[in-house]
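Working notes for the structure below.
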There are 2 protein chains.
Amino acid sequence: MATPEIEAQLAPLRIAVKEYGDLIRDLKEKGAPKIDIDKAVIELKARKKKLEDTEVALAPKEASFDRLKLEDLLKRRFFYDQSFSIYGGVTGLYDFGPMGCALKANMLQEWRKHFVLEEGMLEVDCTSLTPEPVLKASGHVDRFADWMVKDVKNGECFRADHLIKNAAEKIIADKKADEATKSALQDVLARLEGFDDKDMQDVITKFCFKSPATGNDLTPPIAFNLMFPSQIGPTGDFKAFLRPETAQGIFVNFKRLLEFNQGKLPFAAAQIGLGFRNEISPRQGLIRVREFTMCEIEHFVDPADKSFAKFKKVRTYPMVLFSACNQMDGQAAVSMTIGEAVEKGIVANETLGYYMARTHMYLVRVGVDPRRLRFRQHLGNEMAHYAQDCWDAEILTSYGWIECVGNADRSCYDLTQHSKATNTKLVAEKKLSEPRTVNVVEVVPNMAILGKEFKKDAKRIQIALAQMSEECIESLERQINTGAFKLKVDNDEFSLTSNMLAVKRSTKTVHVEEIIPSVIEPSFGIGRIMYAVLEHSFRQREGDEQRTFLALRPLVAPIKCSVLPISANERLNPIIEAVREELNRYELSHRVDDSAGSIGRRYARTDEIGIPFGVTVDFESEIEPWTVTVRHAESMEQIRVDLSELGSLVSALSSERMDWDTAKRMYPIFEAKSD
Amino acid sequence: MATPEIEAQLAPLRIAVKEYGDLIRDLKEKGAPKIDIDKAVIELKARKKKLEDTEVALAPKEASFDRLKLEDLLKRRFFYDQSFSIYGGVTGLYDFGPMGCALKANMLQEWRKHFVLEEGMLEVDCTSLTPEPVLKASGHVDRFADWMVKDVKNGECFRADHLIKNAAEKIIADKKADEATKSALQDVLARLEGFDDKDMQDVITKFCFKSPATGNDLTPPIAFNLMFPSQIGPTGDFKAFLRPETAQGIFVNFKRLLEFNQGKLPFAAAQIGLGFRNEISPRQGLIRVREFTMCEIEHFVDPADKSFAKFKKVRTYPMVLFSACNQMDGQAAVSMTIGEAVEKGIVANETLGYYMARTHMYLVRVGVDPRRLRFRQHLGNEMAHYAQDCWDAEILTSYGWIECVGNADRSCYDLTQHSKATNTKLVAEKKLSEPRTVNVVEVVPNMAILGKEFKKDAKRIQIALAQMSEECIESLERQINTGAFKLKVDNDEFSLTSNMLAVKRSTKTVHVEEIIPSVIEPSFGIGRIMYAVLEHSFRQREGDEQRTFLALRPLVAPIKCSVLPISANERLNPIIEAVREELNRYELSHRVDDSAGSIGRRYARTDEIGIPFGVTVDFESEIEPWTVTVRHAESMEQIRVDLSELGSLVSALSSERMDWDTAKRMYPIFEAKSD
């Protein structure tokens, strides 16, 4: 995508990346020690980062985008703003005002149509409050954490990597600092993403980093869990968290959902809802927040067959893919059809590929610029250990490439974890191609004796016996014939003797086998996508830089249509009223601006909040049958339309069933006197 | 609404209520001590409760409604179910499955259309996490609590009123208990709602109530705050709660919203979002839960003018009102138009009346039976001290009359509280009918001297001086002329001398005055409304009691249409595919059931989940042009329709632009062979 001139500048950087990509492949092939590979990966990432930073820096900028101007507009017209600001505000919490709220609602509505309705997904709505054991099983209690350092005296907390980054950048920018230190710190910055607690501690010690405001010493990095803690009920001993993702609610309902789907695989469940992450020190506006709306899909599929019937519908869909292989080779992302990507094994399977293509379509549909959208594959060491393949939809913004949607093949990890934690089978039945005869070994307890001996524990013993593997039963058989068998149930131990049970062997014919489904998970961060859409929609009028506006897609625009009388003359009121009724009949959100400003100023005000169409009532409107002009905000072109056709026209334009060019061919162009 | 026979039985109970209603009015008029009035109110409520219980008991039951059967259906078809049940479940938390989730989404969508779009409300979306000072100002930290008693030995917790109710009911049901005790306890039950902690403690002591499972003694009632606590950020000292209502998010954004509305009153803001209440021991399914979706409106209006332009549109709308006066007189609720109610002063103002009527329309529109819907006015002592008038929309369910929507005139309480807590003006400007000249007294600080003397505190002093009232300034003037003036700012005191400031007097002409708007708040509990809708929609087929179904309004039904091939013959597949495409073109949610069961059994299965229309493809469908039958689930009637007209017909029926009777007149009736 880059020009030859840019490509020439990037070439040495690409070679530098490839050198380490090759080295890592070589080390892996030789079975080199993990520590050597890990070291090489850190260097690879450092080189990749340098390449990417240079790429972004050299790319032609979108016509002088000015983030401060956009932020000013968003704040001033209350798209969103910091929560509780009259109380001093809370970092990482944002309230959406009327415009942001409607934009978000429209994006969610479109998501529901595009995914849930189109694919017949089972949408669920689970609680945010989640008991501790659920998140223990999912791994979040133990592993969902960031490294934090504290000021040893006043206890102020810092995210360790942020502190290092800020301190390093300050020194690098300092003219008096010596070059050797600067170069060492530049190296640190490039590698920082891959650092663990020990690496960070080393950097802090080596460069004598201190608490920024006080100059006090810092504690070593400690893990800070990012979940918000709470308790359910009055006793204080029912620990719970606010969910960090909506996915777990789907997994714990797997049995009900499978049953709802009449026991059949594959099926997909979806959830739109809040997620909460107690970030240590959130920055970057909507990109990193503490409470956010997510849309997640969990597609359950036979691990042995991840083909997808509707894949043929997207096979020829082109998208920009940045494979792990390309990343290791220092290559640029490449455009190819998703069909080709799956065929070549670049994308693991059809189901994952289908969702990647559908995700791409959704993002473009709500207003992401496809030229600033790519799908980046996780490198082996970036993926969760259980994931089989993972592609992030990344959108280029003024903050760099931002991960907005994750598409992961999570294999059977989650269901297995919850199944273990609850002793519940979370499986689907798969019909065997032909019936099979299997040997069955089971323990038949003598409940009368067990009950007498162990009272209320007898039930627990029965359950534990029923769950024993064939191997365990054989071991039990050996031990019990020569004395007693010690059965452990949770933390208790029970001594069983041969009179209490019998081991029964039999054969049976089975027609189905039980499988734990694999899960393909597309996970959308709506706030991040919304921010990217706002950046990509932000425009300045040619020749008038102060006049900024949002060219939002009509489909998601908060208000579809403005209604502007050309003058305050009361004669126009009945026509205004008729326009409103016509728009209401088609359920079109609109806003009347009958304030004093000139028509041009009022247009500017409506353009600014992304209203795609404007209806103006002028004195020509009075000639029967009544007509009005319809203005297309992005192009500022206008057409003249009969009032009786207004609703159906604006409805077609707003839902994007019709585009503006078509409308222009259908109605006479109106040349405005001033704009 | 009751028959003369029933009314005869109720008459003495009505007289008993009125006796106390009259007594209370009399006491108030005489200015009797509060304690006497309070006592009389408890007795009034006890008598009211007896009257209402008898009324409900005598009312003709909806054709043998069986809650267990409904609950079985809702659980089996996963409308909703207890959250985390594979982990043992959590009381008061529910997950919505595909059917419940879609029903809820449709109800919310309808709410948004009916209120937000129709009235041009400013919808916002604020965070659930709320810092402590916000909820301190709103009064929730201090007063949002229930009384709780604890087992003194094992610490088990009980909601005090629930414990008393259960213990009392057990004794009343006990054949061996003596009649005097039973009668005393019946009296307790009737009065329980009005009890404070001392009253409950007296009952527990008098009747020797113990911890139910252990028989241990109980602690005296202690206040348990119902908000879920958490902390924001890593230090642990930024206390926060999950919001107990969405309203506060609107109040703290008042300034931004007023500005968005170009400074004009009245305007309404709305919010759809989660609320959280840490109930001590929730029961009653969706009626009392710990996490729930609310829809709230805050309508800001000039306290001196609560008229409402669109009130004329609802003036003749009839609704059942149960005024405070009727309640005190032991009268039944009466049906009247909202216009009449406002005119007679029964409902306080047009704005409140308008929202009550619109609330009534919404509830009926989503499926609440209007015969089981009333608006009950709060008695004086039920209202929050700041509320001016309050009417609850109550829906009759098998749990009795349930409050589902509150409509309150909260006056300027909330804005005043947040304004005080933050030193921020939360006011609107109101144009004076004619300009007015006012005297202005202000303190002009000498910042140079203040800065030198007080350093960084100078700014705080400046702010405090600017906020002084006329009275305070005069006092300052007197003191400072004879020495020093001690200025208190928060917890600090500063000694000011006359060289540091000047008192300036002037006059100015003002054209506007600042007013703190009143707030009218309709607040909807969507889960409760949904439960009521499900109860009111539950039906049994005549002559086949086992065949239950949900006659949901098409507008809110989770799935609009089922698609059933009459046989598994593959010849029908192309027609099925064409039906799906036709329905998709109109964005109609549908479900194909091509499973093995008979057509009658499949109809029953789709009726059960409230699918209002069914499309059957039979062998007659093959005759060109293709036709299908459309079945109306509630009546089981069928018509035959050209495939090309199917989408527009089902769309019209689903959105209720057309009713079934009209459809029957437009298309030939089809007599099914079996059903």
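Between A:Lys239, A:Lys198, A:Lys206, the distinction of being open to solvent by 50 Å² or more (accessible area, probe 1.4 Å), under 25 Å from B:Gln82 (Cβ atoms) and not hydroxyl-bearing (Ser, Thr, Tyr) belongs to A:Lys239 only. Counting the residues of segment B:357-386 that are over 25 Å from B:Phe65 (Cα atoms), buried (at least 17 other Cβ atoms within 10 Å of the Cβ) and among the hydrophobic types (A, V, I, L, M, F, W, C) gives 3.
Matching residues to (1) in a strand (DSSP E or B); (2) more than 27 Å from the chain's Cα centre (by Cα); (3) surrounded by 23 or more Cβ atoms within 10 Å (Cβ to Cβ); (4) hydrophobic (A, V, I, L, M, F, W, C):
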position	(1), (2), (3), (4)
B:Ile529	no, no, yes, yes
B:Leu534	no, no, yes, yes
B:Gln540	yes, yes, no, no
B:Thr548	yes, yes, no, no
B:Leu552	no, no, yes, yes
B:Pro558	no, no, yes, no
B:Ser567	no, yes, no, no
B:Ile575	no, yes, no, yes
B:Val579	no, yes, yes, yes
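Checked against the criterion of being buried (at least 20 other Cβ atoms within 10 Å of the Cβ), within 7 Å of chain A (Cβ to nearest Cβ), at negative phi and in contact (Cβ under 8 Å) with a residue 24 or more places away in the chain, segment B:261-274 contains not a single residue that satisfies it. More than 8 Å from every other protein chain (Cβ to nearest Cβ), in contact with a helix residue (DSSP H, G or I) (Cβ under 8 Å, 6 or more places away or on another chain) and open to solvent by 50 Å² or more (accessible area, probe 1.4 Å), is that true of B:Lys49? It is true that B:Lys49 is more than 8 Å from every other protein chain (Cβ to nearest Cβ), in contact with a helix residue (DSSP H, G or I) (Cβ under 8 Å, 6 or more places away or on another chain) and open to solvent by 50 Å² or more (accessible area, probe 1.4 Å).
Within segment B:162-170, identify whether any single residue is under 23 Å from B:Thr91 (Cβ atoms), small (Gly, Ala, Ser), touching a helix residue (DSSP H, G or I) at 6+ places or on another chain (Cβ under 9 Å) and open to solvent by less than 30 Å² (accessible area, probe 1.4 Å), and answer yes or no. Checked against the condition, which is being under 23 Å from B:Thr91 (Cβ atoms), small (Gly, Ala, Ser), touching a helix residue (DSSP H, G or I) at 6+ places or on another chain (Cβ under 9 Å) and open to solvent by less than 30 Å² (accessible area, probe 1.4 Å), segment B:162-170 yields at least one hit. Exactly one residue out of A:Gly21, A:Gly100, A:Gly31 is closer than 22 Å to B:Asp125 by Cα and modelled with pLDDT of 85 or more, and it is A:Gly100.
Residue count for segment A:340-368 under the criterion of being acidic (Asp, Glu) and closer than 15 Å to A:Pro318 by Cβ: the result is 2. Applying a threshold of 8 Å to beta carbon distances and a minimum spacing of six or more residues, or different chains, the list of pairs starting in segment B:244-255 at a residue that is within 9 Å of another protein chain (Cβ to nearest Cβ) and farther than 10 Å from B:Ala269 by Cβ and ending at one that is in a helix (DSSP H, G or I) and open to solvent by less than 10 Å² (accessible area, probe 1.4 Å) reads B:Val252/B:Val134; B:Val252/B:His418. Looking at A:Lys425, A:Lys486, just one residue is out of contact with any Phe, Trp or Tyr (no Cβ under 7 Å at 6 or more places or on another chain) and without any contact (Cβ under 8 Å) to a residue 12 or more places away in the chain, and that residue is A:Lys486.
Do we find that A:Leu588 is part of a loop (DSSP other than H, G, I, E, B), touching a helix residue (DSSP H, G or I) at 6+ places or on another chain (Cβ under 7 Å), surrounded by 15 or more Cβ atoms within 10 Å (Cβ to Cβ) and touching a residue at least 12 places away in the same chain (Cβ under 8 Å) in this structure? Write out each step before concluding.
Values: part of a loop (DSSP other than H, G, I, E, B): yes; touching a helix residue (DSSP H, G or I) at 6+ places or on another chain (Cβ under 7 Å): yes; surrounded by 15 or more Cβ atoms within 10 Å (Cβ to Cβ): yes; touching a residue at least 12 places away in the same chain (Cβ under 8 Å): yes.
Yes, satisfied.
Checked against (1) open to solvent by less than 70 Å² (accessible area, probe 1.4 Å); (2) in a helix (DSSP H, G or I); (3) modelled with pLDDT of 85 or more, B:Leu68 passes all but condition (1).
Condition check ((1) within 14 Å of another protein chain (Cβ to nearest Cβ); (2) under 30 Å from A:Glu7 (Cα atoms); (3) open to solvent by 30 Å² or more (accessible area, probe 1.4 Å)) across all residues:
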{"position": "A:Glu55", "(1), (2), (3)": "no, yes, yes"}
{"position": "A:Pro60", "(1), (2), (3)": "no, yes, yes"}
{"position": "A:Leu73", "(1), (2), (3)": "yes, no, no"}
{"position": "A:Ser83", "(1), (2), (3)": "yes, no, no"}
{"position": "A:Gly89", "(1), (2), (3)": "yes, no, no"}
{"position": "A:Tyr94", "(1), (2), (3)": "yes, no, yes"}
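With respect to B:Arg365, determine if the residue is of a type in the set (Lys, Arg) and not in a strand (DSSP E or B). Answer is yes for this residue.
Output yes when any residue across segment A:103-112 is free of Cβ contacts under 8 Å to residues at least 12 places away in the same chain, open to solvent by 20 Å² or more (accessible area, probe 1.4 Å), within 14 Å of chain B (Cβ to nearest Cβ) and not small (Gly, Ala, Ser), and no when none is. First the steps, then the outcome.
Residues of segment A:103-112 that are free of Cβ contacts under 8 Å to residues at least 12 places away in the same chain, as a first pass: A:105, A:109.
Adding the requirement that they be open to solvent by 20 Å² or more (accessible area, probe 1.4 Å) leaves A:105, A:109.
Now restrict to residues that are within 14 Å of chain B (Cβ to nearest Cβ): A:105, A:109.
Now restrict to residues that are not small (Gly, Ala, Ser): A:109.
Yes, segment A:103-112 contains at least one residue that is free of Cβ contacts under 8 Å to residues at least 12 places away in the same chain, open to solvent by 20 Å² or more (accessible area, probe 1.4 Å), within 14 Å of chain B (Cβ to nearest Cβ) and not small (Gly, Ala, Ser).
Highlighted here are the helices (runs of 4 or more DSSP H) found entirely within segment B:403-466 that include at least 3 residues which are within 14 Å of chain A (Cβ to nearest Cβ): B:413-422.
Would you be able to say whether some residue in segment A:207-215 is touching an Asp or Glu at 6+ places or on another chain (Cβ under 8 Å), touching a residue at least 24 places away in the same chain (Cβ under 8 Å) and facing another protein chain (nearest Cβ under 9 Å)? Looking for residues that are touching an Asp or Glu at 6+ places or on another chain (Cβ under 8 Å), touching a residue at least 24 places away in the same chain (Cβ under 8 Å) and facing another protein chain (nearest Cβ under 9 Å), one finds none in segment A:207-215, hence no. Residues being under 27 Å from the mean Cα position of the chain (by Cα), closer than 30 Å to B:Ala57 by Cβ and open to solvent by 50 Å² or more (accessible area, probe 1.4 Å) are represented in segment B:401-410 by at least one member.
Scanning segment A:183-218 for residues being at pLDDT below 90 and either charged (D, E, K, R) or more than 36 Å from the chain's Cα centre (by Cα) (or both) gives a total of 4.
Taking strands (runs of 3 or more DSSP E) that fall entirely within segment A:258-344, which contain at least 1 residues that are under 30 Å from A:Phe144 (Cβ atoms)? Lay out the reasoning, then the answer.
Working: elements: A:267-276, A:291-301, A:318-322, A:334-337.
By residue number, A:267-276, A:291-301, A:318-322.
When B:Gly155, B:Gly139 are checked against the criterion of being touching a residue at least 60 places away in the same chain (Cβ under 8 Å) and at positive phi, a single residue qualifies: B:Gly139. Applying the condition of being within 7 Å of another protein chain (Cβ to nearest Cβ) and open to solvent by 60 Å² or more (accessible area, probe 1.4 Å) to segment B:114-156 and asking which residue is nearest to A:Pro234 (Cα to Cα) yields B:Pro133. Within segment B:345-362, the set of residues being small (Gly, Ala, Ser) and outside any loop (DSSP other than H, G, I, E, B) comprises B:Gly353, B:Ala357.
Between A:Pro221, A:Pro234, the distinction of being at the interface with chain B (Cβ under 9 Å from one of its Cβ atoms) and either surrounded by 21 or more Cβ atoms within 10 Å (Cβ to Cβ) or touching a His at 6+ places or on another chain (Cβ under 7 Å) (or both) belongs to A:Pro234 only.
Only one entry of B:Glu624, B:Glu587 meets the criterion of being at pLDDT below 95, farther than 22 Å from B:Leu572 by Cα and not hydroxyl-bearing (Ser, Thr, Tyr), and that entry is B:Glu587. Of all residues in segment B:467-479 being in contact (Cβ under 8 Å) with a residue 24 or more places away in the chain and in a helix (DSSP H, G or I), which is farthest from B:Asn499 (Cα to Cα)? Only one residue tops the list, namely B:Glu470.
The values are calculated or read from the model by the stated rules, or taken from the named source; none is laboratory data. None of these values were measured; they are calculated from a predicted model. Please note: Cβ atoms are built from the backbone with ideal geometry, for glycine as well, and neighbour counts cover all protein chains shown. With ligands, DNA and RNA removed, areas are computed over all heavy atoms of the protein, side chains included. Shrake-Rupley method; radii C 1.70, N 1.55, O 1.52, S 1.80 Å.
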